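Written out below as structure tokens is the structure these notes cover.
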Amino acid sequence: MSVEETPAEEDPLSRPLPSVDIPLLRNQRRDARTKQLALLAAGVGIVSAAVAVFMVVDFGDGDGGDEVQEPTTVGSPADGSAPPNLDDSGDGTSENEAATTAAATTAPTAPSGPVAAHEPTVLGAVTRTEAAFGNGRGFRAALTAAGASAEEYEELEDALEDVMDFRRCRATDRLIFERDTDRNILLFEYRGSSIEYYQVTRNRRGELRGEKVEIPIETRRITRGGSVQTSLGAAFEGVGLGRALVGRFMEAFEGKVNFNTHPRAGDTFRIIAEEERISGEFHGWGRVHAVEYIGQRTGDLRAFWFSTSNDDDGEFYEEDGRAMRGGWLRTPLQYDRISSRFDLQRMHPILRRVHPHNGVDYAAGTGAPVWATADGTVTFAGERGANGNLVALRHANGYESFYAHLSRFARGLSRGDEVDQRQLIGYVGSTGRSTGPHLHFGLKRNGRFVDPLEEINGPGRMMPRGHLPRFRTHARRLGRELARIEVGASAPAAAPPAPAGGDEESPEEPMD
Ligand SMILES: [Zn+2]
């Protein structure tokens, strides 16, 4: 892998495509990588449409924490057989609400005039009201505002206190009441999440009992392949994947492919992943099992998700069992281009004399996130002369890394802090002696500056031997499954098929 770029010498066909106009949508699994991806996305200045849409879904209801919806009448008494999860609440979009109302109203139409907030109109046997939790109040106030009497509040709190954490209520959470003609509570639901909710119903003795209800997530395996024409995101969309999965795909190749600059028209991809659905509706992406990228510039790359422990933790490995992610980040940011290399004989652009350039300059937009290249300790975070705002880290085995000209530092970062690989440490800027926004990235080994691009080239570690046989079987099976995926290529310039062997997995050096 290399980051070298000499665009001037490339023919027009192999000009970089604007591939990364897309990543990320909310990742349902809150693993650490989600955060990293978000950074990755921010780093290239992408705010994806997908994210924007989900923001709307998540918070679109923020206008009226206090509103109580028009009650709707459910045709049959709530005996616990009310249709589960009419909406997946929590996501209180107006669309959802419209759908809910439509679905829930089976008999007479609710009156169209304004409805007094706490005086639900009774129609038929059961009256259903729904309200938002609302801003800045406690559980009691929210329930009271939604129409619960003091006694009812006590009863509901008793019923729920063992199953629900009242401190985790959010303004957009929904409170649903179903009452009989005598206004007795038949059912109460607290919906704050699309994958679970809390339900209170009456038992035979007439007491209210609360329980947590998990909404089953169905998973479906999907296999797709496509050909890149204008961007990776468009290619994903072209085969019906939506742009949400692009970030997950890029993550698998992180450190191997720079999707800013490497993709070329005619490159192909394949993916095997799990789609999660709730009540038949798309919910999110689950595990990504296997990915393949075959590119002019990248060579043939495949990665297989595998866990070497019994829990759910795992990561992507190459076919030979080597982890995709190395111990060091070769590039500590998403950059536009390398504007200056490590060169001990360089003619300095500002000083106009030979002045060693003891690092690599990555041109990138001001504010692009900069990450720690490896686990380490902050030895300096502050302003230092020509370096401008500088972060210095000390790592294991006599290494130090330096990040200069930052516009600002990660919040709270200070000397002595321990940082993890890929932790945010600052943002690209042009402070100090600098002609434009870039990151100067320096690396010292045993006190001497070395070329980061030469030094940081280590492949990922091999997985422990004992797991190899099981992994090989697993990877072979997935590899065959990948190979069977038809690439939905619309272009004549489709890449040649991948060689059967796995020998060319790691392209060494760039073509240019
Ligand atoms: Zn520099």
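Please identify which residues in region 134-175 have an amide N closer than 15 Å to a label point set 7 Å out from the Cα of ARG183, following the Cα→Cβ vector.
Answer for this model: 144-153.
Please work out how much length the chain gains when fully extended from THR219 to THR377, using 0.36 nm per residue of separation minus the C-alpha to C-alpha distance, in nm with one decimal.
52.7 nm
Go ahead and collect, in residue order, the members of region 191-207 whose backbone nitrogen is under 18 Å from a label point 7 Å along the Cα-Cβ direction of GLU161.
The answer is 199-201, 207.
Roll a 1.4 Å probe over the protein chains and send me the accessible area per residue for region 367-425 in Å². Numbers along the way, then the final one.
Details: 2570 Å² over 59 residues.
On a per-residue basis, 44 Å².
Extension gain ARG346-ARG204, at 0.36 nm per residue separation less the Cα-Cα distance, in nm?
Residue separation times 0.36 nm, minus the Cα-Cα distance, leaves 42.6 nm.
Taking all protein chains as present, what is the carbon and sulfur share of the accessible area of region 211-343, in % to the nearest whole number, probe 1.4 Å?
Solvent-exposed carbon and sulfur of region 211-343 make up 40 percent of the total.
How much length would be gained if the chain were fully extended between ARG277 and SER309, taking 0.36 nm per residue of separation minus their Cα-Cα distance, in nm to one decimal? Numbers along the way, then the final one.
Details: separation 32, 0.36 × 32 = 11.52 nm, distance 2.68 nm.
Difference between extended and current length: 8.8 nm.
The values are calculated or read from the model by the stated rules, or taken from the named source; none is laboratory data. Source: prediction; values computed, not measured. A quick note on method: Cβ atoms are made from the backbone with ideal geometry, for glycine too, and the neighbour counts reach across all protein chains shown. We work out accessible area using only protein heavy atoms, side chains counted, and drop any ligands, DNA or RNA first. Shrake-Rupley method; radii C 1.70, N 1.55, O 1.52, S 1.80 Å.
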